[in-house]
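To keep things clear, I will list the structure first and then write my remarks on it.
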Amino acid sequence: MKYSDGKIAGSFFFIAASQFIIGMMVAEARAVSNYSISTNYISDLGVGPSAMIFNSSVFLLGLLILVGALFLQRAFDFKPLTILLILTSLGSMGVGVFTEHYGSIHPIVSLIAFLFGALSCIASIKLLKLPFSVIAVILGLTALAALGLFGAKDYLGLGPGGMERMIAYPILVWGAGFGGYLLAKTENARQQKQQ
């Protein structure tokens, strides 16, 4: 059975987001005993006992997004989204390579991953139909708003770690949902041709 480029892209996006969500939870469980999702940054998981799990999972997130973006471009020839996804992937891989030990490089690659991930959610509207198109935009805007609040150090009582997760989680939810959407869409297209 030959899979379409869109279906392959969807598989990569779904796996990328899902494995990182699970990897982050496992890393949180392996972190030092005083780790807090409210007061600790996500990237604090990239050092200490959780480092191997977190850094490999976030690097894999970026790598899978990169491969998915290339298949997405082949399927839909939509360069704006492809470029945003490639930038997101490079930021994600950068987070896994340039941990907090690298000083000023780490916040830059984190910002690249967060900013372009949120913009990817919004840009995907061109490939989506209702209601998921609206959901994708809401998720992207939520991540952008949280990024602005995070930058202003206005954590709304969530702490820096909590607000950082309000940036990351909407993007990850979109990534898994977008992957599933592409899987279903390409399957539906194939079924319609057979009828």
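The values are calculated or read from the model by the stated rules, or taken from the named source; none is laboratory data. Keep in mind the model is a prediction, meaning the values are calculated, not measured. Glycine gets a Cβ as well: all are built from the backbone with ideal geometry, and neighbour counts include every protein chain shown.
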Looking for something farther than 17 Å from Gly68 by Cα, free of Cβ contacts under 8 Å to residues at least 60 places away in the same chain and polar (S, T, N, Q) - is there at least one such residue anywhere in the stretch 119-132? no
Hits in the stretch 110-122 - residues which are of a type in the set (A, V, I, L, M) and crowded, with 22+ Cβ neighbours inside 10 Å: Ala113, Ala118
Of the residues that sit in the stretch 123-138 and are crowded, with 20+ Cβ neighbours inside 10 Å and of a type in the set (A, V, I, L, M), which one is farthest from Leu87 (Cα to Cα)? Ala136
Please determine whether any residue of the stretch 183-192 is within 17 Å of Ala17 (Cβ to Cβ), surrounded by 17 or more Cβ atoms within 10 Å (Cβ to Cβ) and under 16 Å from the mean Cα position of the chain (by Cα). no
So Asp77 clears everything in (1) of a type outside the set (Ser, Thr, Tyr); (2) surrounded by fewer than 21 Cβ atoms within 10 Å (Cβ to Cβ); (3) in contact with a helix residue (DSSP H, G or I) (Cβ under 6 Å, 6 or more places away or on another chain) except one condition, right? Which one? (3)
Could you pull out every one of the helices (runs of 4 or more DSSP H) wholly within the stretch 1-106 that has 3 or more residues that are without any contact (Cβ under 8 Å) to a residue 24 or more places away in the chain and either small (Gly, Ala, Ser) or over 24 Å from Leu119 (Cα atoms) (or both)? 5-30
The listed residue being surrounded by 16 or more Cβ atoms within 10 Å (Cβ to Cβ), out of contact with any Lys or Arg (no Cβ under 9 Å at 6 or more places or on another chain), modelled with pLDDT of 95 or more and aromatic (Phe, Trp, Tyr), out of Phe54, Phe71, Phe13: Phe13
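Residues checked against (1) among the hydrophobic types (A, V, I, L, M, F, W, C); (2) in contact with a Phe, Trp or Tyr (Cβ under 6 Å, 6 or more places away or on another chain):
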| site | (1), (2) |
| --- | --- |
| Ile108 | yes, no |
| Leu111 | yes, no |
| Gly117 | no, no |
| Ile135 | yes, no |
| Leu139 | yes, yes |
| Ala143 | yes, no |
| Leu149 | yes, no |
In this structure, does Ala29 turn out to be over 17 Å from Ser110 (Cα atoms) and at pLDDT below 95? yes
Residue check: is Ser89 touching a Gly at 6+ places or on another chain (Cβ under 9 Å), farther than 30 Å from Asn40 by Cβ and not aromatic (Phe, Trp, Tyr)? no
Just for the stretch 139-157: of the residues that are within 28 Å of Tyr181 (Cβ to Cβ) and without any contact (Cβ under 8 Å) to a residue 12 or more places away in the chain, which one is surrounded by the fewest Cβ atoms within 10 Å (Cβ to Cβ)? Gly148
Tell me whether the stretch 63-80 contains one or more residues that are closer than 29 Å to Lys153 by Cα and small (Gly, Ala, Ser). no
